[in-house]
Amino acid sequence: MAILRDLVSSILAALLLAGTLSLTATGATAEPAPSKEYQVKAVFLFNFAQFVEWPPTAFPEPGAPISIGVLGDDPFGTALEETVRGETVGNRKITVQRSHKVEDLKNCQLLFISKSEKGRTAEILSSLTPGPVLTVSEVESFAHQGGVINFYLEGNKVRFEINPAAARRQRLKLNSQLLSLGKIVTPAKGSQ
């Protein structure tokens, strides 16, 4: 499993460094498909789950799945399910849940907070602390406000920043390889 994890990490690092995880359009289809941006972000969410260690208390039982929650308006369409279908992390299956209520997703180990929740970011983060939840968003300054990982676009590439202090507060251990790939930020004064 460690070999597979290292291989995935190396591939992700190479793709990021080479800039191949870009958002270039690839043509139109008859059915609406998730945007390239959210296909890339879905892959990132899956990879983040591989490089985080949750405390045993994050799971209701030893074999429980890793649950990825999407809070608010769902920008992924089917991309997230397609990305995690049949995948496991540390012998745990991966499930996806969606809700507009944070209470419905408090048992998730990874929570993506949509842009639609921008006005409630502080309230949401406060309600999740000190639970062992990897919070990820694309809300501007999310990591500076106390979130763990924040997506941002640089040109047409998806990048991310990481707040290690927020991860520690949530009792999460982030793999050094993940930390080396993201831009490290510190929370703003007065943030969580």
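State, to one decimal in nm, how far the label point of Glu87 lies from the label point of Gln177, with both points 7 Å from Cα in the Cβ direction.
1.4 nm
Could you tell me what % of all Cα pairs in segment 35-190 have separations over 19 Å?
49 percent
Sequence-distant or interchain residues sharing an amide H contact under 5 Å with Thr135, placed H: which?
So Thr135 has HN proximity to Leu111, Val148, Ile149.
In terms of Cα to Cα distance under 14 Å, which aspartates and glutamates are near enough to Lys41, apart from those fewer than 8 places away along the same chain?
Output for Lys41: Asp74, Glu81, Glu82, Glu138, Glu154, Glu161.
No lab work stands behind these numbers, since they all come straight from the coordinates. Just so you know, these numbers come straight off a predicted model, no measurement behind them. Every residue, glycine as well, gets a Cβ built from its backbone with ideal geometry; the counts of neighbours run over all protein chains shown.
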